[in-house]
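Each remark here refers to the structure printed beneath this line.
The values are calculated or read from the model by the stated rules, or taken from the named source; none is laboratory data. Because the structure is a prediction, the values reported are computed rather than measured. Here Cβ is always computed from backbone atoms with ideal geometry, including for glycine, and neighbour counts include all displayed protein chains. For accessibility, only protein heavy atoms count, side chains too; no ligands or nucleic acids. Shrake-Rupley method; radii C 1.70, N 1.55, O 1.52, S 1.80 Å.
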Amino acid sequence: MATVNFLGPINKKSISVTCSSLKELKGFLSDDKDLKEWLSLCAVTVNDKIVSSLDIKLKDNDVVNLLPPVSGG
């Protein structure tokens, strides 16, 4: 199982999922109407490395973070 963390203003508790890739995970998360908008805005990390491809395979104990855009000064 992989752990998915929703950071910042997404305001969701972490979940554990059994998905074989980020593409499958995106499909799973898209079913949640509150998350669907965030999915197009967030950067994604797998094990603390920013990724840009949905073809990334997920393994047991992987940690996926959804990083929403932030602004600051």
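Among residues of region 32-46 that are at positive phi and without any contact (Cβ under 8 Å) to a residue 12 or more places away in the chain, none has a Cβ under 9 angstrom from a residue that is assigned to a loop (DSSP other than H, G, I, E, B) and surrounded by 13 or more Cβ atoms within 10 Å (Cβ to Cβ) at a sequence gap of 6+ or on a separate chain.
Suppose we filter LEU66, LEU25, LEU35 for residues that are at pLDDT below 95 and either part of a loop (DSSP other than H, G, I, E, B) or not small (Gly, Ala, Ser) (or both); which single one remains?
Numbers: LEU66 fails: at pLDDT below 95; LEU25 fails: at pLDDT below 95.
Answer to the check: LEU35.
When the residues of region 16-31 are filtered to those that are open to solvent by less than 70 Å² (accessible area, probe 1.4 Å) and in contact with a Leu (Cβ under 9 Å, 6 or more places away or on another chain), the one that is nearest to VAL44 (Cα to Cα) is LEU22.
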